[in-house]
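The block underneath contains the structure these notes are about, expressed in structure tokens.
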Amino acid sequence: MTVVTLTGCGESPPPDAGWSAEKDLGVNWVRGAAEYQALAMQAYHQAERDLPGFLEDRSWSAQPGQKNAHFLPTAIVFDVDETVISGVEFQLAVERPVTQAKLNQWHSEHQAPAVPGFVRFASMARAAGVELFFISNRPCERIEGIDDPCPYESTIVNDIRETGVEIDAEHVWLANEREQWSKEKLARREELARTHRILMLIGDDLSDFIPCVREAPSAPCTDAATVESRQRKVTEFSGYWGRGWYILPNPMHGSWMSFDEP
Ligand SMILES: [Mg+2]
């Protein structure tokens, strides 16, 4: 398997000397396959079809465990990278190893294309009165030489705006932006569930939907996930896929890559 790991700052995996963007099947597929575009559109079109029903059914929530939320305003949670914007050109351009700092630098200098289907769906959801939140694991931390305490957030806000979807920093929730907001996204989803009825989760990584699916667990998860535990969870929550949860294809990077092949 070709390894293209997106790591947090501070982690420094050995460079993968044998890797080449031109030969990477996942990168090539996202970049060139019409099938990639069709799958992304399929996810967003299904979300579009489901939205009116979820707005009407006030007992509905896409966040397992959220109850009695019928009186709350509604929200949709999006991941950002490979859900809203495509990083395929970054994957082609970056020198390995990939780091968050390199990702931020690239996105601050380039306009990334929107994932097919996102812009139309986001506009439609907003017109229906739904608030859009973006929960990303790009980190909220300082970069040496920059005054902004959370420079990654400014970049991500611009990335989303560049798709044509207006957004402010209050709706972009990064890892470590507040205490308790670890890389595990559950705490952020639960916090949002206190103020909003969550209609949908949209992401490209299992962790955008289900907690404790990483090989290296973050609080509150304590155990390392395995290939088998991840597959069990997908089955356990099978009713949500394509009905409240919409997953975009990403063969380039993600929590799935930490595991040995089964
Ligand atoms: Mg992502």
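The values are calculated or read from the model by the stated rules, or taken from the named source; none is laboratory data. Just so it is clear, the structure is predicted and the values come from calculations on it, not from any experiment. Here Cβ is always computed from backbone atoms with ideal geometry, including for glycine, and neighbour counts include all displayed protein chains. Ligands, DNA and RNA are stripped out before the accessible areas are found, and what is left, the full protein with its side chains, is counted by its heavy atoms. Shrake-Rupley method; radii C 1.70, N 1.55, O 1.52, S 1.80 Å.
Annotations
- Residue satisfying all of: in segment 54-73; outside any helix (DSSP H, G or I) and open to solvent by less than 20 Å² (accessible area, probe 1.4 Å); farthest from the ligand (Cβ to nearest atom) among these: 69
- Test: residue in segment 161-176 that is more than 16 Å from the ligand (Cβ to nearest atom), modelled with pLDDT under 95 and not hydroxyl-bearing (Ser, Thr, Tyr): yes
- Residues that are assigned to a helix (DSSP H, G or I), hydrophobic (A, V, I, L, M, F, W, C) and either without any contact (Cβ under 8 Å) to a residue 24 or more places away in the chain or under 30 Å from residue 128 (Cβ atoms) (or both), drawn from segment 200-237: 206, 234
- Qualifying residue in segment 67-82 (condition: of a type in the set (Gly, Ala, Ser), farther than 27 Å from residue 116 by Cα and at pLDDT 95 or above): yes
- None of 108, 136 is more than 30 Å from residue 195 (Cβ to Cβ), touching a helix residue (DSSP H, G or I) at 6+ places or on another chain (Cβ under 7 Å), small (Gly, Ala, Ser) and in contact (Cβ under 8 Å) with a residue 24 or more places away in the chain except 108.
- Matching entry among 94, 130, 115 (being open to solvent by less than 10 Å² (accessible area, probe 1.4 Å) and either small (Gly, Ala, Ser) or under 30 Å from residue 27 (Cα atoms) (or both)): 115
- Restricted to segment 238-262, and to residues there that are buried (at least 16 other Cβ atoms within 10 Å of the Cβ) and in a helix (DSSP H, G or I), the residue that is nearest to the ligand (Cβ to nearest atom) is 255.
- Any hit, segment 44-53, residues being small (Gly, Ala, Ser), open to solvent by 30 Å² or more (accessible area, probe 1.4 Å) and more than 16 Å from the ligand (Cβ to nearest atom): yes
So that you can scan it fast, the table gives a plain yes or no per residue for (1) touching a Phe, Trp or Tyr at 6+ places or on another chain (Cβ under 9 Å); (2) not aromatic (Phe, Trp, Tyr):
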residue: 181; (1), (2): yes, no
residue: 193; (1), (2): no, yes
residue: 200; (1), (2): yes, yes
residue: 211; (1), (2): no, yes
residue: 226; (1), (2): yes, yes
residue: 240; (1), (2): yes, no
residue: 256; (1), (2): no, no
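- For segment 188-219, taking the residues that are aliphatic (A, V, I, L, M) and over 21 Å from residue 258 (Cβ atoms), the one that is nearest to the chain's Cα centre (by Cα) is identified as 202.
- In summary, residue 176 fulfils each of the numbered conditions (1) open to solvent by less than 70 Å² (accessible area, probe 1.4 Å); (2) at positive phi with the single exception of condition (1).
- Qualifying residues in segment 207-229 (those that are modelled with pLDDT of 95 or more and in contact with a helix residue (DSSP H, G or I) (Cβ under 6 Å, 6 or more places away or on another chain)) - the one nearest to the ligand (Cβ to nearest atom): 207
- Lone qualifier among 142, 120, 189 - being open to solvent by less than 30 Å² (accessible area, probe 1.4 Å) and charged (D, E, K, R): 189
- Taking helices (runs of 4 or more DSSP H) as the structural unit, no element lying wholly within segment 74-152 holds at least 2 residues that are under 13 Å from the mean Cα position of the chain (by Cα) and within 16 Å of the ligand (Cβ to nearest atom).
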